[in-house]
1. Given the conditions (1) part of a loop (DSSP other than H, G, I, E, B); (2) crowded, with 19+ Cβ neighbours inside 10 Å, and given that Asn170 satisfies all but one, which numbered condition is not satisfied?
2. Within region 322-345, track down each residue that is in contact with a strand residue (DSSP E or B) (Cβ under 8 Å, 6 or more places away or on another chain) and closer than 11 Å to Leu365 by Cα.
3. Output the residues belonging to region 279-318 that are small (Gly, Ala, Ser) and under 23 Å from Leu362 (Cβ atoms).
4. Regarding region 224-244, can at least one residue be identified that is outside any loop (DSSP other than H, G, I, E, B), over 16 Å from the mean Cα position of the chain (by Cα) and in contact (Cβ under 8 Å) with a residue 24 or more places away in the chain?
5. Look through region 302-327, keep the residues that are in contact with an Asp or Glu (Cβ under 6 Å, 6 or more places away or on another chain) and within 14 Å of Asp255 (Cα to Cα), and return whichever of them is surrounded by the most Cβ atoms within 10 Å (Cβ to Cβ).
6. Residues of region 172-198 being of a type in the set (Val, Ile, Thr) and either outside the structural domain of Asp247 (by TED's automatic domain parsing) or modelled with pLDDT under 95 (or both), which ones?
7. When Ser277 is evaluated against the numbered criteria (1) under 19 Å from the mean Cα position of the chain (by Cα); (2) buried (at least 20 other Cβ atoms within 10 Å of the Cβ), which criterion, by number, is the only one it fails?
8. Got a number for residues in region 350-372 being surrounded by fewer than 18 Cβ atoms within 10 Å (Cβ to Cβ) and assigned to a loop (DSSP other than H, G, I, E, B)?
Amino acid sequence: MKIRAIRLFVLGIISMTLFNSCNSNEIEELQNKISSLESTVSALEERIQLLETDVAELKELIDKVNKLEQSLQSLGNLVTTHTQELNEFRDRIDSLEQAMVNTNVDIGDLEAQLAKIKDDLSLFLEQNKIYTGDFKIQSDSDIQKLQWFEQGKFEIIMGDLYISETSLVNIDELSTLKGVGGMVSIYKNQKLLNLDGLTNLSEIVKSFDISQNNSLVSLSGLSNLKYVGRRFFISLNNSIESLSGLDNLESVVEDLSINSNQSLRNISSLGSLNSISGISIGYNPSLKNLVGLEKVTKLNGSLFIYNNDSLESLDGLNNLAEVRGYMEISGNKLLNNISGLESLSKVEDNFYISSNEVLESLDGLENLTEISGWNFQVSNNRFLKSLCGIRNFLQLSTSTNFTCINNGYNPTRQDIINGSCRL
């Protein structure tokens with residue numbers, strides 16, 4: 001816009017000069033200058049247009065290099081960090097950007113350099129078998145894309161991986177996949193029997209969702225998975241009986257949610273899990289205990305154990321000392337004791353124990369000394385007649401509101417402190 005304005009301004013001045021001049025030689029000279037100036041201005045406009053296009057491509061390249069570096073760093077030791085190579089790309093881009101403001105540099109040379117950087121970056125991705133976008137298999141018409149992995153072209157997906165609503169029986173073509181820089185969703189594949197194709201997958205930077213795969217009987221293909229960078233959901237998979245395959249899972253940065261898996265009997269394969277924020281285990285009607293969580297000593301988030309109709313004990317939580325969020329144990333029909341909580345000393349939000357139909361005693365909570373939330377509620381446990389396990393807590397804590405209603409025995413705080421803690 002500025003060039004055009006200057007052009008009009010200059011041409012206007014020259015036109016006024018012509019109007020006031022009577023010398024034909026001067027007129028001819030000025031006309032030649034006008035023609036030369038027009039050519040110069042046109043060349044400048046053309047250069048600006050080319051530069052604007054190139055600058056846009058440069059910005060796109062810079063963004064691509066930055067995202068690539070972030071994703072590679074997030075994948076940790078899975079791949080070589082390539083820091084030096086990525087810095088070289090960035091230096092070349094910076095140098096080219098500076099050259100673009102130099103009017104003496106040929107546009108053709110600039111565009112050749114830009115093309116070379118793009119080609120070299122593409123070669124870098126190809127050599128390191130990196131797929132840069134989201135990889136989506138979201139219907140049977142997408143299944144042919146799996147051939148790219150079967151041919152060994154890719155080992156890393158920098159974006160998300162979606163496998164949903166297909167008729168796939170297996171995903172063996174993904175056997176070369178080592179890491180995913182985004183999330184993984186395996187959802188509503190009604191014929192999928194196993195995840196054996198993920199046998200080399202060790203890191204997922206974001207969340208992992210395995211849901212509504214009704215024929216899925218095994219997670220054994222996940223035997224190398226060690227790290228999930230956000231949440232891990234295992235839900236509504238009606239044929240899974242165990243979590244065998246997750247034996248090497250060590251860290252889930254946010255929450256682990258195991259919900260509504262009709263046939264799930266145990267979670268003992270989680271024995272390596274030692275770092276996690278929160279846990280939610282609910283509506284698993286065949287689950288008998290929580291063995292497998294022994295290495296979990298602290299939760300930075302909440303703990304929910306609810307509506308597991310066959311759950312008989314909380315064994316597995318024996319080493320859990322601290323819950324920094326909300327805690328709820330409710331609606332577990334066969335849970336008759338909470339002795340698996342012997343190490344629990346602190347809950348930093350509300351704590352509810354409710355509607356556990358055969359729960360008889362709170363023995364196991366003797367080491368609980370602090371509940372930072374407003375409420376500690378024990379309610380609707382109709383066979384509960386011994387609350388001596390929380391006597392120590394009630395003696396030490398006076399700020400938490402204690403509610404005890406609709407149980408087999410409903411003593412006041414003072415009753416329990418005075419020793420009248422059981423019938």
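The values are calculated or read from the model by the stated rules, or taken from the named source; none is laboratory data. Note that the structure is predicted; figures quoted are calculated from it, not measured. So basically every Cβ, Gly included, is an ideal-geometry build from the backbone, and we count neighbours across all protein chains shown.
1. (2)
2. Asn337, Ile338, Leu344, Ser345 - these are the residues of region 322-345 that are in contact with a strand residue (DSSP E or B) (Cβ under 8 Å, 6 or more places away or on another chain) and closer than 11 Å to Leu365 by Cα.
3. Ser280, Gly282, Ser302, Ser310, Ser313, Gly316
4. So far as region 224-244 goes, yes, one or more of its residues are outside any loop (DSSP other than H, G, I, E, B), over 16 Å from the mean Cα position of the chain (by Cα) and in contact (Cβ under 8 Å) with a residue 24 or more places away in the chain.
5. Checking each candidate, the answer is Phe304.
6. Passing the criteria: Thr176, Val180.
7. Just one mismatch for Ser277, condition (2).
8. Going through region 350-372 one residue at a time, the tally reaches 8.
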